[in-house]
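The values are calculated or read from the model by the stated rules, or taken from the named source; none is laboratory data. It should be emphasised that the depicted structure is a prediction, and the values quoted were computed from it without experimental measurement. Because the Cβ atoms are built from the backbone with ideal geometry, glycine has one as well, and the counts that use them run over all protein chains shown. The area values use the complete protein model at the heavy-atom level, side chains included, leaving out ligands, DNA and RNA. Shrake-Rupley method; radii C 1.70, N 1.55, O 1.52, S 1.80 Å.
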Amino acid sequence: MTQSLFSLRRLRSAAMAALVAIMAAGMLSCGSEESYSPEIAKALDRAARNRKELVEVLEHYEDEPEKLEAAKFLISNMHGHYSYQSTELDSLEMFLAQLTRKEVDFFFTPEQLKRWEKFSLINLPRKDDLRSVSAEMLIENIDLAFKQWKERPWNKDLSFDDFCELILPYTISDDQPVRWRRMYAEHYNHVLDSLYQGSDVLEAALVLLKHIESEKWIYNDQLITPHRTATNLFNNRVGFRRDWCDLLVYAMRSCGIPVTTDNILFSPDNNHSYQWIVVRDPITSEYYPVGLDDYIPDRSHRPASPRTTGKIYRQSFARQDDRMAALNDIRSLPVRLNNPFLHDVTSHYFGHNEATVGIRPTDAKMMVYLGLWIDGSWEIIDTGRRNGDRVTFHDIEPGVIFVPVRHTTERFVPCGDAFYVTHDSKVKTLKANPDRLVQKARLRRTRPFTNVLAMRLSDHISGYTLSASDNYAFTHPDTIFRVNDNDTIFTDLLNISLPRDRHYRYLRMSAPKGKRFTIGELDIFDDKEMEHQRICQVIERFPSEFEPYYLQDGIATSRFTLPADRSFFTYDLGSRPAAMASVSFYTDKNFITKGTDYEIYYLAADGNWTLLDKATARKTYIDMVVPGNALLLICKAGPELKGQAFIYKNGRQIYSYDLARLYR
């Protein structure tokens, strides 16, 4: 009995000690959490059931102050980061994977795309990172990021704040958080180590970029998706420009290269957004584009973009609360501007400027936006600061043509005259006088002919040779035309006149060794005026997916591609040798096409596009008279006003692209 009583007392004492220990641990935990900053405390409250995972991360680094601060940075800025969760996205990834098994024509057919016609992100469930990320994933991410930051020689002067923004993040945007860093590091670290042993971060980035470009990537922009997971991008290398940039960011961060993306919400030259990666240089404290067209980073000059941008926004992991507070009272703010993780960096590329222009206010509280004409509608890329019947816009690219716009119930409409800013910050206003048609204009295009387009066209057809013969063996061929490797194509329709005293039975288009053959149209005419086209037959037989019909289907945007193991195709011109007057092939779809109906508009004082004239193109251009100092638009006749706005000056169409290049 005494022994039992003693045992009972000992059990009670042990239980009491355990209870005290639990209470003490709880008090310590509470005390520890009470010491957190208001931002961390708020994040932990928002995490709900996932709070314990985040607390575990913080407690894990209690004895490592620097890593603890990194963990606090991630957790305090996690609010607003989320991902889409759906089996549809898994199916979509499998759908994209089909393209990786193709060798040519990396596009889906209309039948394949039909399933995804009604696919929308709006209906997908979202999961907040605060409520889903695991302690294990965050700890692994922090440890591996620190390893690269501390060991890479180019990071010796990289600040902790820059590290947190440019190497540390576990995610880019709305991609699902996954454990990606070790996978990328194991693949790319040894590559970079074997190719570069220096301490220049820009050189390291260029070396790694070149290697990644050598790996297979399939471009396809037919589907709109959220940011895809890092592991899916690694294993399934297909997608559009944003996907490519995401892959580069993950790869470079896994190697300790401080990098993020700069973004154009709407390009002034087309209806697309655009992204590129930028690397932080600790030497100059500047961000330099890497892999953007033909731009080469140069520390002796301000970072530049070869493209027309209008406004440039940089992706961050930290919330830009100051910017969001300034936009807080603006109604009808589009999602693309209402992004807490973007900040304006236009001045980094073009310096600071401002433009104050007049507006036609409809009410005292009317909000005014910076608008661009984008292929059928006015799109906004920034907000203005209004003062009565004037509005001021800050930090815009010189030479880009803007219009102040306001929001109606359904769309944005102009509320002032078009304008642009010169390189010395002078504001040029465009205001047409329709009663004075003062300029004879020759219109050749519906969109600008950009340097990027010229490079692509030259790349597509450089080295190509067009030869002719009176026999299929081409024993003694005549070279009709050759595009040299160093030629730059500054036209969209190449028309080659042929000698009338020679007769041929066959024409052959050949691509240089190692180059993939892709061409839009190749037309043969019996007259130099291109009135009488000859329908020809391709002699060679190709697999069904390589359809020679596209060579003469009358649609410049369709493309004929040869199989990878073929380097030429041959036209049979007829049963006997004959004379030809000209050969033409198309390189771009935005030229004026003979026989097509067009409409020409100008932007009137009331903010509406007003029809100036209709015309059918008799040649590859249209001559007409237009108002001076007017914003103009030419497009194919129809219900939609497709095309880019321009002015006419010094005998040529001048788009934002042309003006921006002039003022750089």
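Of all the numbered requirements in (1) open to solvent by less than 30 Å² (accessible area, probe 1.4 Å); (2) among the charged types (D, E, K, R); (3) closer than 27 Å to Val249 by Cα, Asp375 misses one, and that requirement is (3).
Exactly one residue among Thr620, Thr570, Thr616, Thr593 is under 30 Å from the mean Cα position of the chain (by Cα) and either open to solvent by 10 Å² or more (accessible area, probe 1.4 Å) or at pLDDT 90 or above (or both), and that residue is Thr593.
Which ones in region 53-87 are among the charged types (D, E, K, R) and closer than 30 Å to Leu121 by Cα?
Our first condition is that a residue be among the charged types (D, E, K, R); within region 53-87, this holds for 53, 56, 59, 62-64, 66-67, 69, 72.
Scanning region 53-87 gives a single hit, Glu53.
Restricting region 228-245 to residues that are surrounded by 20 or more Cβ atoms within 10 Å (Cβ to Cβ) and not in a helix (DSSP H, G or I) leaves a set whose member that is farthest from the chain's Cα centre (by Cα) is Thr229. When Ile380 is tested against (1) touching a residue at least 40 places away in the same chain (Cβ under 8 Å); (2) open to solvent by 30 Å² or more (accessible area, probe 1.4 Å); (3) closer than 26 Å to Gly643 by Cβ, exactly one condition is not met: (2).
Scanning region 61-70 for residues that are more than 36 Å from the chain's Cα centre (by Cα) and surrounded by fewer than 18 Cβ atoms within 10 Å (Cβ to Cβ) returns Glu62, Asp63, Glu64, Pro65. Looking across region 302-315 at every residue that is open to solvent by less than 10 Å² (accessible area, probe 1.4 Å) and of a type in the set (S, T, N, Q), the one that is nearest to Arg336 (Cα to Cα) is identified as Thr309.
Of all residues in region 316-341, those satisfying the criterion of being open to solvent by less than 30 Å² (accessible area, probe 1.4 Å), out of contact with any Lys or Arg (no Cβ under 7 Å at 6 or more places or on another chain) and touching a residue at least 60 places away in the same chain (Cβ under 8 Å) are Ser316, Phe317, Ala318, Leu337. Does at least one position in region 146-156 carry a residue that is under 27 Å from the mean Cα position of the chain (by Cα) and at negative phi? Within region 146-156, none of the residues are under 27 Å from the mean Cα position of the chain (by Cα) and at negative phi.
Going by what's in this entry, would Ser300 be described as modelled with pLDDT under 95, among the small types (Gly, Ala, Ser), farther than 29 Å from Val405 by Cβ and assigned to a loop (DSSP other than H, G, I, E, B)?
Numbers: modelled with pLDDT under 95: yes; among the small types (Gly, Ala, Ser): yes; farther than 29 Å from Val405 by Cβ: yes; assigned to a loop (DSSP other than H, G, I, E, B): yes.
Taking the combined requirement at face value, the residue satisfies it.
If the condition is being touching a strand residue (DSSP E or B) at 6+ places or on another chain (Cβ under 9 Å), modelled with pLDDT of 90 or more and among the hydrophobic types (A, V, I, L, M, F, W, C), then region 218-250 contributes Leu233, Val238, Phe240, Trp244, Cys245, Leu247, Leu248, Val249.
How do the strands (runs of 3 or more DSSP E) wholly within region 368-468 filter down when requiring 2 or more residues that are closer than 28 Å to Ile622 by Cα, basic (Lys, Arg) and modelled with pLDDT under 95: which remain?
439-443
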